[in-house]
Amino acid sequence: MDTQPSGYLPMKERPEPGDKLIFIPVYIAPVEILERSLMHGPRYIYQVVIVDGCNGKTMLVDKKAVKPEMDYMPEAEEIECLDIKISPMLAKEIAEYGAVPIDFKSWKKIIRNRNVSVSEGSMKVVWRVYAVRGKEILDTFTGQRIESAGLAGMLFS
């Protein structure tokens, strides 16, 4: 697996001219889940876990696949690229853990449990793009806006 990011997470909202961009490396980890429960029969689920390559935070996406954008190149006057701090092997383990919701980790795991499988060969490293506009940060993948951009200002100083 290539450890250098290539491509970008698909964007719900594209950066505008004048935005400052922050590129964060993330791992796209497709997971296969066997879910068993006393109340329901076994289910086989395909989902995707996005693992932040800097701090290891996970995001569970309820899709079978997330295809990176390869043809669009975001451009800006100021760009900050963060470095990968998590190895592919650690990202795989984090993805397995991140694919199990909190309610499956408590005492309820006796009633419901999940067995997660991640194929390291199917993992990809791509960029997640954040756009800084005035006093807010836009996550271009989810379209979510964060109001406290003072933190991001430190990256560009």
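Between Rg and the Kirkwood Rh of region 68-133, both from Cα atoms, what is the Rg to Rh ratio?
Radius of gyration over Kirkwood radius for region 68-133 works out to 1.12.
Using all Cα-Cα distances in region 25-123, what percent lands in each 5 angstrom bin from 0 up to the longest?
2, 12, 20, 20, 17, 12, 7, 4, 3, 2, 1, 0
Can you give the net charge of the other residues whose Cβ lies under 13 Å from the Cβ of Ile79, counting K and R as +1 and D and E as -1?
Charge balance near Ile79 sits at -4.
Show me the ranking of peptides 60-70, 3-13 by mean Cβ neighbours inside 10 Å, starting with the highest. Walk me through the intermediate numbers first.
Numbers: 60-70: 13.2, 3-13: 15.4.
Most protected by this proxy first, the peptides run 3-13, 60-70.
Let me check against my output: what whole-number percent is the relative contact order of the chain, with C-alpha pairs under 8 Å and at least 6 apart? The partial results should precede the final answer.
Numbers: 342 pairs, mean separation 56.4, N = 157.
Taking the mean separation of contacting Cα pairs over the length of the chain, I get 36 percent.
Rounded to the nearest Å, what's the spacing between the alpha carbon centres of region 88-103 and region 1-54? Just the number, please.
For region 88-103 versus region 1-54, the Cα centre distance is 12 Å.
Label-point separation (nm) for Met89 and Arg43, each offset 7 Å from Cα along Cα-to-Cβ?
Rounded to a tenth, the inter-label distance reads 3.4 nm.
Under a Cβ-only charge scheme (Lys and Arg +1, Asp and Glu -1), can you give me the dipole magnitude of the chain about the Cα centre, in debye to the nearest 20?
960 debye
Arrange Lys20, Lys57 by Cβ neighbour counts within 10 Å, fewest through most, would you?
Values: Lys20 20, Lys57 11.
If I rank by nearby Cβ atoms, fewest first, I get Lys57, Lys20.
Taking the Cα-to-Cβ direction at Leu60 and at Asn113 and moving 7 Å from each Cα, how far apart do the two end points lie in nm?
1.7 nm
Using only Cα atoms, find the angle between the long axis of helix 88-98 and the longest principal axis of the chain, and express it within 0 to 90 degrees, rounded to the nearest 10.
60 degrees
Do any of Lys63/Lys85; Lys20/Lys92; Lys20/Lys67; Lys64/Lys85; Lys63/Lys124 go past 22 Å between their Cα atoms, and which? Please report the intermediate quantities before stating the final value.
Working: Lys63/Lys85 26 Å; Lys20/Lys92 31 Å; Lys20/Lys67 24 Å; Lys64/Lys85 26 Å; Lys63/Lys124 16 Å.
In this structure, Lys63/Lys85; Lys20/Lys92; Lys20/Lys67; Lys64/Lys85 exceed 22 Å between Cα atoms.
Give me Cys81, Cys54 ranked fewest to most by other Cβ atoms within 10 Å of their Cβ, as a rough exposure proxy. Walk me through the intermediate numbers first.
Numbers: Cys81 11, Cys54 14.
Lowest to highest Cβ neighbour count: Cys81, Cys54.
Please list, in order, the residues from region 63-96 whose amide nitrogen is less than 19 Å from a point placed 7 Å along the Cα→Cβ vector of Thr3.
Within reach of a label on Thr3, which here means backbone N under 19 Å from a point 7 Å along Cα→Cβ, region 63-96 contributes 81-95.
None of the figures in this text is laboratory data; all of them are computed from the coordinates on show. None of the values given here were measured: they were computed from a predicted structure. Don't worry about glycine lacking a Cβ; one is built from the backbone with ideal geometry, like all the others, and counts go over all protein chains shown.
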